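FYI, it's all coordinate maths here, none of it is from the lab. Keep in mind that what you see is a predicted model, and the values were worked out from it rather than measured. Reconstructed Cβ throughout: ideal geometry from the backbone, glycine too, with neighbour counts over all protein chains shown.
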């Protein structure tokens, strides 16, 4: 099963206070353990909500609210995506984790939906479409990770061809999805 492990924001993370070298070292070691165990699929830290936005949907209407958002305890500071055998295994990994902000906090674990969870409504055609998207997405990620730095990625042809929104462009580039 896959789980998303959500690191809840704190006042410090919302203030943009970065972890110190000790915490970064401990987290790096923990992440290496996850990789060696075949658990880690993905991970990222997130900027404070002041650099974010929310889009509220009400019928056809869309309302955008710029950050910051007031309830730090409801916000996410980062996440991992893990492949585990059970929720119990995920809980055991989280218990071993050095807390990423170095302060008191909370980590939430949520199971990720799998195709079979959607039942008959997820038709064979929709499953094929999902598989095509995942294959193309994986190819885009491989292209992006083959460059040496984010600055290089912004300038690279791989970034310009990817299905991701490149920081060096204002609009997504979809040419990599043709076919």
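With the simple spin-label model, which puts each label point 7 Å out from Cα in the Cβ direction, the residue 111 to residue 46 separation comes to 2.3 nm. Between residue 61 and residue 89, the simple label model (points 7 Å from Cα in the Cβ direction) yields a spacing of 4.7 nm.
Once the chain from residue 26 to residue 130 is taken as fully extended at 0.36 nm per residue, the excess over their C-alpha distance is 33.8 nm. Just want to confirm a number: the relative contact order over region 2-111, from Cα pairs under 8 angstrom separated by 6+ residues, in percent. Averaging sequence separation for qualifying contacts and normalising by length gives 49 percent for region 2-111. If R0 equals 35 Å, the separation of the Cβ atoms of residue 73 and residue 118 corresponds to a calculated FRET efficiency of about 0.70.
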